[in-house]
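Participant: Could you have a look at this structure, given as structure tokens, before my questions?
The values are calculated or read from the model by the stated rules, or taken from the named source; none is laboratory data. Source: prediction; values computed, not measured. Here the Cβ positions follow ideal geometry from the backbone for every residue, glycine too, while neighbour counts run over all protein chains shown. These accessible areas exclude ligands, DNA and RNA; they are computed on the full protein's heavy atoms, side chains included. Shrake-Rupley method; radii C 1.70, N 1.55, O 1.52, S 1.80 Å.
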Amino acid sequence: QVQFVESGGNLVQPGGSLRLSCAASGSIISIYAVGWYRQAPGKRRELVASITSGGRTNYKDSVKGRFTISRDNAKNTVYLQMNSLKPEDTAVYYCNEDYQYGNLYSWGQGTQVTVSS
């Protein structure tokens, strides 16, 4: 059973950048696609970016061109570089297997991203 620990969230001004990290307790090599999800207050959790073991990426339209997902299988870590942040990016961010390719693992605690002036 893989467990995920997210970090890197913070309060940032609009237009700013953050880099989130997701450290897995076990090997992520066996996970075909890993994704970053977010959940804003009062809204459902949504998938914003995912990356396959081969490096193919997919993004939610609203973050395309601003967010970049990457994975380091040797370090069992997945990253999310977020640039040009907007207030609507405010949410708790989580990582997990991409639900479109497999069953979800247990959710971690997530990391809070707040975009505000």
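Participant: Please verify whether residue 93 is under 12 Å from the mean Cα position of the chain (by Cα), of a type in the set (Phe, Trp, Tyr) and farther than 19 Å from residue 11 by Cα, treating the condition exactly as stated. Give the steps one after another, and end with the answer.
Facilitator: On the way: under 12 Å from the mean Cα position of the chain (by Cα): yes; of a type in the set (Phe, Trp, Tyr): yes; farther than 19 Å from residue 11 by Cα: no.
Against the criterion (under 12 Å from the mean Cα position of the chain (by Cα), of a type in the set (Phe, Trp, Tyr) and farther than 19 Å from residue 11 by Cα), residue 93 does not qualify.
Participant: Specify which of the listed residues (68, 57) is open to solvent by 70 Å² or more (accessible area, probe 1.4 Å) and of a type in the set (Val, Ile, Thr).
Facilitator: 68
Participant: What is the residue count in segment 84-110 for residues that are under 16 Å from residue 44 (Cα atoms), in a strand (DSSP E or B) and not small (Gly, Ala, Ser)?
Facilitator: Number satisfying all stated conditions: 5.
Participant: Moving on. With farther than 16 Å from residue 111 by Cα and open to solvent by less than 60 Å² (accessible area, probe 1.4 Å) as the only criterion, which of 34, 92, 78, 12 stands out? Give the steps one after another, and end with the answer.
Facilitator: Working: 92 fails: farther than 16 Å from residue 111 by Cα; 78 fails: farther than 16 Å from residue 111 by Cα; 12 fails: farther than 16 Å from residue 111 by Cα.
Criteria check complete, one pass: 34.
Participant: OK, next. Based on what the data block shows, is residue 46 touching a strand residue (DSSP E or B) at 6+ places or on another chain (Cβ under 7 Å), among the acidic types (Asp, Glu) and free of Cβ contacts under 8 Å to residues at least 40 places away in the same chain?
Facilitator: Yes: the conditions hold for residue 46.
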